[in-house]
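Structure first, commentary second.
Rule-based calculations on the coordinates, nothing more; no lab input. Keep in mind it's a predicted model, so treat the numbers as computed, not measured. Neighbour counts are summed over all protein chains in view; Cβ atoms, including those assigned to glycine, are modelled from backbone coordinates with ideal geometry.
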Amino acid sequence: MIEDLILKLKQEIIDQLQLEGMTPEEMDPEAPLFGEEGLGLDSIDVLELVVLLDKNYGIKIRGPKEGPKIFYSIKTIAEYILNQQKN
Amino acid sequence: MKFTLIYPKWTKLRGQTEFHLPPHGPVVFAATLPRDIEITFIDENLETIDFNDQADLIGISMMLTSQVKRGWEIADEYRKRGVPVICGGIATMLHAEETSHHADAVFLGEAEGRMEQVLDDFRNNRLRKIYDYLTDFPPIGSVGIARRDILKRQLYNYRGIQMVDLFHASRGCRFDCYPCCVSYLGGRKFRPRPFEKVVEELAAIDNNRLYIVDNSLSQDRAWEKQLFAEMIPLKKKWCCHPIDDDDEILDLAAQAGAWFVYQAIFDISDFIRNRVKRYHDYGIGVEGTILLGLDHHTEDFILRLIDFLLEIELDLAEFTVLTPFPHTQAFADLHGEGRIFSYDWNDYTCDKVVFQPKQMNPERLQDLYDEAWRTFYREKSQPYRMFELFQKVIDKEMADGSYRSQQRAQTNRKFGRAKQ
């Protein structure tokens with residue numbers, strides 16, 4: 001199930017963040033979102049991810065302490081969505 | 001008359017996310033030029049200079065020591081083509097003699113009320129080599145509204161987010177800090193601009209987010225209170241250098257839109273811990289500026305300092321290494337002791353060790369500098385911390401109805417690191 005969500009998320013991230021020229025297959029779900037060794041996202045992308053979670057999943061992120069852990073990788077975002085949906 | 005004003009490129013601080021703010025010196029200087037002068041402004045950090053463009057006179061505005069060598073190259077290039085060059089700005093003042101070898105004229109000091117004469121000299125072929133007004137400050141009331149209309153505003157937009165505009169409410173600084181050259185440049189007498197001029201200029205800036213670049217707002221409590229009180233109705237949001245630690249002042253600052261403060265973190269003390277907490281108590285973020293390499297900085301101190309920064313919950317941290325800029329006490333001491341090993345001004349970017357530290361070798365200080373950036377941003381990355389700080393300003397704007405949404409047409413615009 002998480003695999004399906006990761007696949008969906010990848011496409012949503014490409015669309016929301018306007019990552020032109022990137023395909024879901026190229027995105028390693030466990031790679032860090034930030035930094036040169038990962039997807040290289042920036043602070044505006046985090047803002048877009050927050051909008052995405054609110055718009056597509058009804059999840060509001062308002063600066064929780066665990067924010068950096070949620071936004072570590074695509075996989076950690078997917079895990080957070082699943083947890084929130086369980087609760 | 002066609003006047004091309006150039007802001008030379010420089011290498012940005014290693015470790016820090018690259019961003020480009022609309023420069024302040026050139027727009028303040030442009031306000032001193034008569035209105036009939038046709039000004040073209042080029043920010044070389046974001047644009048390429050076409051040396052074959054027609055201009056009657058070239059102005060080179062330099063703020064940083066790390067800009068001067070490039071500024072001299074540009075000046076040489078134009079003069080080779082027979083176009084005269086005048087240099088000015090803070091870094092020109094710090095490097096006046098060297099700059100005079102590359103320019104037809106060097107302007108030292110504040111330009112208000114002086115440019116008519118300089119341009120008259122130029123038109124009559126009697127441009128002087130040096131215009132020295134370094135210690136002869138013009139009346140502060142003569143400072144006009146900065147000419148932000150010369151900026152290509154779309155260049156200072158990152159993915160639809162307009163960068164802050166820079167603004168100043170005063171000149172001079174009553175402090176005389178060890179590594180700083182402000183007292184040499186602007187004098188130790190605090191010179192506030194008249195409030196009506198401050199408000200008039202602030203109201204005219206087509207940007208809700210500002211960087212108030214005054215050296216420190218903590219100069220005069222009565223002035224500070226009135227400044228913030230005057231700013232409240234404008235609903236601007238801004239960052240600045242330190243604000244006095246006083247309940248009434250901090251409250252007024254918060255009401256006036258204080259977003260975050262650049263605060264020097266110079267030791268591990270309850271004073272600093274409390275200073276940061278007090279800003280936070282008033283909803284004001286803190287970007288710590290941390291200078292490494294002072295004579296009392298041992299390796300152990302630097303490592304403990306980095307841990308302390310995480311403990312006091314700074315929002316952001318900017319690390320620099322002590323850089324002995326000319327006309328500072330740091331330069332006098334280190335030069336006098338023969339400890340400076342690089343006088344290549346391109347190395348004076350604040351992220352390179354150019355002197356022999358007292359407590360360790362230069363390589364170790366360089367490593368500790370890199371380690372400071374890595375450690376501070378390990379658990380919470382720089383983009384995430386910047387997002388949190390950005391969210392703060394959005395929340396403030398949402399609360400008072402001043403929020404403007406992102407400019408969608410510019411969402412693909414990113415900054416590129418300027419080629420050296």
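General observations
- Length released on extending from B:ARG364 to B:SER342, taking residue separation times 0.36 nm less the Cα-Cα span: 6.2 nm
- Structural descriptor for the stretch A:2-86: relative contact order 33 percent, calculated from alpha carbon pairs under 8 angstrom and at least 6 residues apart.
- Rg/Rg_ref, the protein assembly as shown, where Rg_ref = 2.2 N^0.38 Å and atoms are Cα: 1.03
- With helices as the sole contributors, chain B gives -10000 deg cm²/dmol at 222 nm; each DSSP H run of n ≥ 4 counts as -39500 (n - 2.57), and the sum is divided by every residue.
- A simple spin-label model places pseudo-atoms 7 Å from Cα toward Cβ; at B:ASP246 and B:ARG123 they are separated by 4.8 nm.
- Here the alpha carbons of the stretch B:2-140 define both size measures, Rg and Dmax, at 14.4, 49 Å.
- Neighbourhood charge, 10 Å Cβ-Cβ cut-off, centred on B:TYR131 and excluding it, Lys, Arg +1 and Asp, Glu -1: +1
- Contour minus Cα-Cα distance for B:PHE301 and B:LEU13 (0.36 nm per residue): 101.4 nm
- Averaging the sequence gap over all C-alpha pairs within less than 8 Å and six or more residues apart, then dividing by the number of residues, gives the stretch B:2-140 a relative contact order of 24 percent.
- Length added when fully stretched, B:LEU21-B:PHE266, from 0.36 nm per residue minus Cα-Cα: 85.6 nm
- Reachable lysines from B:LYS9, criterion Cα separation under 29 angstrom, eight or more residues apart if same chain: B:LYS69, B:LYS80, B:LYS129, B:LYS152, B:LYS237, B:LYS352, B:LYS414, B:LYS419
- Charged neighbours of B:ALA332, selected by a Cβ distance under 13 Å, balance to -2 (K, R count +1; D, E count -1).
- A convex hull fitted around the alpha carbon atoms of the stretch B:109-235 yields 151 Å³ per residue.
- Measuring from each cysteine beta-carbon in chain B, the ones with no other cysteine beta-carbon under 4.7 angstrom are B:CYS87, B:CYS173, B:CYS181, B:CYS239, B:CYS240, B:CYS350.
- Placed amide H near B:TYR262: partners under 5 Å, 5+ positions off or other chain: B:CYS240, B:HIS241, B:GLU287
- For the stretch B:24-103, GluC sites (Glu not before Pro) are listed when DSSP marks them as loop and at most 12 other Cβ atoms sit within 10 Å of their Cβ; the list is empty.
- Loop chymotrypsin sites (Phe, Trp or Tyr not before Pro), the stretch B:227-302, which have at most 14 other Cβ atoms in a 10 Å radius of their Cβ (DSSP): none
- Of the chymotrypsin sites (Phe, Trp or Tyr not before Pro) in the stretch B:326-360, the ones in a loop by DSSP (not H, G, I, E or B) with at most 14 other beta carbons within 10 Å are B:PHE341, B:TYR343.
- Sum of -39500 (n - 2.57) over DSSP H runs of 4+, divided by residues of chain A (222 nm, nearest 500): -16500 deg cm²/dmol
- Over chain B, relative contact order from alpha-carbon pairs under 8 Å, at least 6 apart, %: 16 percent
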